[in-house]
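Visitor: The structure under discussion is supplied below as structure tokens; questions concerning it will follow.
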Amino acid sequence: MQITLKNDHPSTLKTAGWVLPIAIIFPIIVHLAPPYNGIPIGAYLLPMFYIPFIALVGYRLPVALIVAALAPTLNFLLTGNPQWGFMGILTVELVFFTLLANVLLQGKLKWIAAPTAYIGTKIISSTLLLLIPLIETTPFLFLSSSLINATAGILILFVINMVTLKYLPTQKGVN
């Protein structure tokens, strides 16, 4: 059964099917770099957030949500990383990130949607840690260390945001 969307777009599942492996492999490649100060390089560069955002701009919200929801789990099943609790938080973060970025892309903040969505997502996930402590840390420490460590990644998200909006054909009105 083929799922087709308006304007002859490729099916959502078909598109997600080829974007998802990129979203899984890219962070694995980034994590081949040795940790810096005992912290995995992904915590600094945020590679898991790039592909869902690019998918959101280039292929619509459904594709981006599929990628955001499945990439951490499939990455975990392939590599055993990140640890189980953090994989759960990362999955929630990627879904919230994608939803927040989608909202921000509709308004005047579209040029800073990705970094703003990341910061908003970290606030949400840190708050959720109060209710569901998936990892052994305080929510405030999780939030502050995540934002401090991710400064380079937030800047990269800003650049990706600018480049995708400028060069990718956006799927206007097809969210």
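The values are calculated or read from the model by the stated rules, or taken from the named source; none is laboratory data. This structure is a prediction, so every number in the text was calculated from the model and none was measured. Glycine also receives a Cβ, built like all others from the backbone with ideal geometry; neighbour counts cover every protein chain displayed.
Visitor: Output the residue which, of all residues in segment 129-165 that are assigned to a loop (DSSP other than H, G, I, E, B) and at pLDDT below 95, is nearest to Gly88 (Cα to Cα).
Guide: Step one: filter segment 129-165 for residues assigned to a loop (DSSP other than H, G, I, E, B), giving 132-138, 150.
If we keep only those that are at pLDDT below 95 too, we end up with 132-138.
Numbers: Ile132: 11, Pro133: 11, Leu134: 7, Ile135: 9, Glu136: 13, Thr137: 15, Thr138: 16 Å.
The extreme case among them is Leu134.
Visitor: Shifting gears a bit: Which helices (runs of 4 or more DSSP H) does segment 14-127 wholly contain that include 1 or more residues that are in contact (Cβ under 8 Å) with a residue 24 or more places away in the chain, under 15 Å from Gly153 (Cβ atoms) and of a type in the set (Asp, Glu)? Even if it seems obvious, please write down each step before you answer.
Guide: Values: elements: 41-45, 47-59, 61-79, 84-105.
In segment 14-127, 84-105 are the helices (runs of 4 or more DSSP H) which contain 1 or more residues that are in contact (Cβ under 8 Å) with a residue 24 or more places away in the chain, under 15 Å from Gly153 (Cβ atoms) and of a type in the set (Asp, Glu).
Visitor: Within segment 118-172, which residues are within 19 Å of the chain's Cα centre (by Cα) and within 17 Å of Gly58 (Cα to Cα)?
Guide: Leu157, Phe158, Val159, Ile160, Asn161, Met162, Val163, Thr164, Leu165, Leu168, Thr170, Gln171
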